[in-house]
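Before any comments, here is the structure.
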Amino acid sequence: MQPERESDHYTTLGVETDATRREIERRYKRLAAEHHPDRGGDEERMKTLNEAYRVLRDDTRRAAYDAERDEATNSRAVREFVPATSASATADALWGRMAGALLSIFGGTVLLCLVRFQYVVFFGVWMAHAAIAYARSGFAPTHLARRTAWAQEAAFFSVVAGGLYGLYLVLTTL
């Protein structure tokens, strides 16, 4: 059997996939009489009819052909699928989260300086923490960045606490 066919055997004979052996034989004989080269028919068309009938009349060959045909249909559907993510899309998502976190911290700092509204800074810190957690989740479970998450968390919150305390000292001296 050929791996790629322009048309399948069922359409060659003009029968349904659930056609009985008798229907296939009847249809083959009608088309063979019509397309036989001795009666002025096309030799290539007759070869395709013979091949289709040879496969579909034998139950074993027909079952193998149907399985191959189903597999080809399934693999074609899988090949046509285009993933929505790529390495650059993941990198853009990470940098987008980081930019959002930095903008929130900057905006929160400005608002803290203007009206001393500390909860906006907290929101920026929360977004920065989410961005770091997202970046860490992109690594394999055995990667060093995933195994030392506790150290990253301790360092992150130490920097946040130190930065906020430094900002508090600056604001109280103003």
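The values are calculated or read from the model by the stated rules, or taken from the named source; none is laboratory data. Since this is a predicted model, take the numbers as computed values, not measurements. Virtual Cβ from ideal backbone geometry, glycine too; neighbours counted across all protein chains shown.
Would you be able to say whether some residue in region 105-112 is at pLDDT 80 or above, assigned to a helix (DSSP H, G or I) and under 36 Å from the mean Cα position of the chain (by Cα)? Within region 105-112 (the criterion being at pLDDT 80 or above, assigned to a helix (DSSP H, G or I) and under 36 Å from the mean Cα position of the chain (by Cα)), the answer is yes, since at least one residue qualifies.
Across region 147-165, not a single residue is classified as within 24 Å of W95 (Cβ to Cβ), touching a Phe, Trp or Tyr at 6+ places or on another chain (Cβ under 7 Å) and not hydroxyl-bearing (S, T, Y). Go through (1) at pLDDT below 85; (2) loosely packed, with under 11 Cβ neighbours inside 10 Å; (3) not polar (S, T, N, Q) one by one and return the number of the condition A72 breaks. Failed condition: (2). Residues in region 129-169 that are hydrophobic (A, V, I, L, M, F, W, C) and under 28 Å from the mean Cα position of the chain (by Cα): A130, A131, I132, A133, A135, F139, A140, L144, A145.
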